[in-house]
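Notes follow the structure.
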Amino acid sequence: MVINPEKARFLTTIVLKSIVIRKQGFNRTYKNIVRKYRLSEREAEQYYRILYNITMYYHTLRFLAGYFGFKSGIQGVIEYLYRKGFVWHLIEEDIENTANNFSKLMKISILYSYPLWLVKDLSSKIPLDDLELMLKALNTKKRWLRANLFKYTLEDVIACLENSGLSVKRHSVFHSVFQLKDPFKKIGKNPCVLKGIIIPQDISSYVVGSIAQSLALGDFLDACSAPGLKLTQIASSSRVRRVVAVDLSERRVRIIPKISSLVMLSTDPVVLVIQGDSRKINYNIKFDFILLDAPCSNSGAIYDDPAFKVYLNRSLIKRAHTIQYSLLSNLLKQGKLVLYATCSIHPLEGEEVIKKTLVEHNVDLIKIDYPYLESGYEEYIFSRSVHRIYPHRIQGQGFFVALLKPR
């Protein structure tokens, strides 16, 4: 299908203004565009890929627009793209040729379209070769599916996938997890998804949920639960007796019972769902296990929605750090074992939260042995007692994980 430059310019203008100015997510913005302008299925698929790339590389496109003498901001980006006919391989050539004119860190920033401050922050934490592989992996869209083995057999799941026409690749280590071969394919109306036979869930999120499932017992608290994907993994454990799920967002809280009823069995524990702030709530019991999947900058989930990268700034990460520490501080008083996890590649949301916690609280770190869990960033004395899931090794999102036991 031939790209219509005028249409591409029109759609790009809407997308970038919605994301940059109104701070909307990419997927939500594009869904509204398809509905409002009645794009055909073929058009919707084609322009999604184009606009996804434009959003993913917005930082670099702004730089290129200035470098080649166009206006600043959104208008300059659109003028530059229009001059290139929105042909992505021509834009890639400009990116590569321009990046070669700069120092190593600036080159990485341009090639993978990440703010230079972030590249500098991370360059002191991991080798540059690994940093490049990590940023490249986060730019590459992926979709993962988890088989619902609580209600169905693996044979049922595979048969449904085959009959529904979804082309997938089974994970070599986690046999109930499948990667969609075409990550841009729409799956919301797929019967396997609608019936809860498969659950869209990133491989790294699945790993965190599986770790939590192996640790959970007795009274379990999911402190930042929505939409409840990890909750459904953990609550189905035979060792769990009572379950409390909390989330701050009233809208997102309403999703938890829907996901739970779709995935869990009627014999599983009843989930008590609460709208509340886990920085402040106090309970009358001490939970045997708490999962804190903390809100974050989403720097580890860039490919899920490239708008995350557009929003990314130091202030956002600092705010996330403050919230994460407040959550962890309150929950350490209310649990016998706390699993802290967050989908970020920046140390301020991982190692620095733990560093402050070790100073302010009387806790022990417990090392976890699980596939794809590696040590934290090396400059920290406790790096071997905390963990990171690296995007380029698992081909999934980037997570920080730490298991804490109050004394």
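Please treat every number below as a calculation from the coordinates, not as lab data. On a predicted model such as this, the values are computed, not experimentally measured, just so you know. Cβ placement follows ideal geometry from the backbone for every residue including glycine, while neighbour counts extend to all protein chains displayed.
Extension gain, R242 to R49, is 65.1 nm, computed as 0.36 nm per intervening residue step minus the present C-alpha separation.
PRE reach from Q75 (point 7 Å along Cα→Cβ): which of the range 32-60 fall under 18 Å by backbone N? Counting backbone N atoms under 18 Å from the label point, the list is empty.
Size estimate for the range 144-200 follows the Kirkwood approach: the inverse of mean 1/r over distinct Cα pairs works out to 11.1 Å. Computed extension gain for K104 through S123, at 0.36 nm per residue and net of the alpha carbon distance, reaches 5.8 nm. In this calculation the C-beta distance from E379 to T322 is compared with R0 = 25 Å, giving a FRET efficiency of 0.70.
The overall shape of the range 203-406, judged from the alpha-carbon gyration tensor, is rounded, with an a/c ratio under 1.5.
The calculated P(r) of the range 274-339, using every Cα pair and 5 Å bins from 0, goes 3, 16, 22, 20, 14, 13, 8, 4, 0 in percent.
Normalised by the number of residues in the range 203-406, the average gap of Cα pairs under 8 Å and 6 or more apart makes the relative contact order 20 percent. Across all Cα atoms of the range 159-244, the radius of gyration (one decimal) and Dmax (whole number) stand at 14.5, 41 Å.
Hey, any idea what Rg/Rh is for the chain, computing Rh the Kirkwood way over Cα pairs?
Ratio of gyration radius to Kirkwood radius: 0.97.
Each residue, K356 and R35, gets one label point 7 Å from its Cα in the Cβ direction; the gap between the two is 3.8 nm. Looking at the calculated P(r) for the range 5-101, what percent of the C-alpha pair distances fall above 20 Å? In whole percent, the share of Cα-Cα pairs in the range 5-101 beyond 20 Å is 33.
Among the cysteines of the chain, those with no neighbouring cysteine Cβ under 4.7 Å are C224, C296, C343.
Electrostatic tally near S225: other residues with Cβ closer than 10 Å to its Cβ, Lys and Arg +1, Asp and Glu -1, net -1. The length gained by stretching the chain between E93 and E155 to full extension, at 0.36 nm per residue less their Cα-Cα distance, is 17.8 nm.
Against the chain, whose longest principal axis is taken from its Cα atoms, helix 203-215 shows a tilt of about 10°. Between R251 and H175, the distance separating the two model label sites (each 7 Å from Cα on the Cα→Cβ line) works out to 4.1 nm. Extending 7 Å from the Cα toward the beta-carbon at both F68 and I274 defines two label points whose distance is 5.6 nm.
Label zone (K333, point 7 Å along Cα-to-C-beta; backbone nitrogen cut-off 15 Å) within the range 354-392: 360-362.
So how do T98, T29, T232 line up by other beta-carbon neighbours within 10 Å, fewest first?
If I rank by nearby Cβ atoms, fewest first, I get T98, T29, T232.
For the range 81-218, the spherically averaged projection of the C-alpha convex hull amounts to 12.7 nm². Rounded to the nearest 20 debye, the dipole magnitude of the chain is 1080 debye, with +1 charges on Lys and Arg beta carbons, -1 on Asp and Glu beta carbons, and the Cα centre as origin. Say we join alpha carbon atoms closer than 10 Å with springs in a Gaussian network model of the chain; which of I54, I274, I354 then has the biggest fluctuation? Largest GNM mean-square fluctuation: I274. Mean-square fluctuations from a GNM of the chain, with a 10 angstrom spring cutoff on Cα atoms, peak among S299, S205, S249 at S249. Take the Cβ-Cβ distance between K7 and K195 as r, set R0 to 41 Å, and report the resulting FRET efficiency rounded to the nearest 0.05. With a Förster radius of 41 Å, E is 0.65.
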